[in-house]
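Encoded as structure tokens, the structure appears first; notes follow it.
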Amino acid sequence: MMLAASETYAMAEPNGTTRLGMLTPSSNSVLEPATAHLLAGCAQVSAHFSRFRVTQIGLSQAALGQFDPEPILMAAELLADARVAAILWNGTSGAWLGFDADERLRDAIEDRTGCPASPAALAFRDLFRARGYRRIGLVTPYTGDVQRQIQANWEAAGLDCAAERHCGLSENFAFATVGPEAIAQMVRAVAAEGVDAVAIVCTNLAGAALAPALEAELGVPVLDSVAVTLWKGLDLAGCTHADLAARGRVFAEARP
């Protein structure tokens, strides 16, 4: 029997713990430990993961085909078995596929599982709108053609992403090998161009732990994909951000 979202949420907390479901690219090795780091000390929220195959990021037919909805929906159904309060697609494919693709995916996950849902790219858009960020410094590990597609999609949504840096990589597993200093240098470079916020767009790029120190250094929000997706999940589940305030401005700033 399909559960309504409210029923799913009510059943998710028998012992006062809210479970969040995370859909994870199969070759991602950053997302799970980064989420655990963010949630350390937050005993009332736990994260649970379901994978589907993603190994290459690009604009070829084969690369785009990895994001056909059915495997994603099957993984979401497995998460729903754990009676999670919300399901997050913790991958940024909607950044280059388009916000409309993520809206369709969100709706399909909600229809299939009865759980409130959000992909990462929609979480970024919601956060930008809530905080009034328009000029975005875009940091990714992707190739130039993927980066340009993200810029075009985000600019069509009213976001100025002229300040950008990218690594030129296409193998998803390799994104996790980009070191902290390389990530920090890209963040510093886009921040120097004058932005409202920096977005580290890729859940397999290890930016979440760097954000608080970079924010203190640069004076602008540094919004990592894993952190932004968790922020959205907490909102969907009706949870407070207060316990995560030290993890970055995405959590420290008050809800609008």
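The values are calculated or read from the model by the stated rules, or taken from the named source; none is laboratory data. What you are looking at is a predicted structure, and each value in this text was computed from that prediction instead of being measured. For neighbour counting, all protein chains shown are included, and Cβ atoms are generated from backbone atoms with ideal geometry for every residue, glycine included.
Would you point out which residue out of T113, T143 is of a type in the set (S, T, Y) and in the same structural domain as R247 (by TED's automatic domain parsing)?
None of the others qualify; the one that does is T113.
Of all the residues that make up segment 142-153, how many are of a type outside the set (K, R) and either out of contact with any strand residue (DSSP E or B) (no Cβ under 7 Å at 6 or more places or on another chain) or farther than 12 Å from A95 by Cβ (or both)? Result for segment 142-153: 7. Considering each residue of segment 198-215 in turn, none proves to be among the acidic types (D, E) and surrounded by fewer than 17 Cβ atoms within 10 Å (Cβ to Cβ). In the set I136, I87, I150, only one residue is assigned to a helix (DSSP H, G or I) and β-branched (V, I, T); that residue is I150. Just one residue in the set L23, L64 is among the hydrophobic types (A, V, I, L, M, F, W, C), outside the structural domain of A174 (by TED's automatic domain parsing) and crowded, with 24+ Cβ neighbours inside 10 Å; that residue is L23. Could you list all residues from segment 125-177 that are under 21 Å from E103 (Cα atoms), surrounded by fewer than 19 Cβ atoms within 10 Å (Cβ to Cβ) and hydrophobic (A, V, I, L, M, F, W, C)? Within segment 125-177, A130, A152, A156, A157 meet the criteria. Those residues that are surrounded by fewer than 20 Cβ atoms within 10 Å (Cβ to Cβ) and farther than 30 Å from Q151 by Cα, I need them from segment 81-110; list them, please. Within segment 81-110, D81, A82, R83 meet the criteria. Scanning segment 90-123 for residues that are part of a loop (DSSP other than H, G, I, E, B) and closer than 22 Å to V201 by Cα yields N90, G91, T92, S93, G98.
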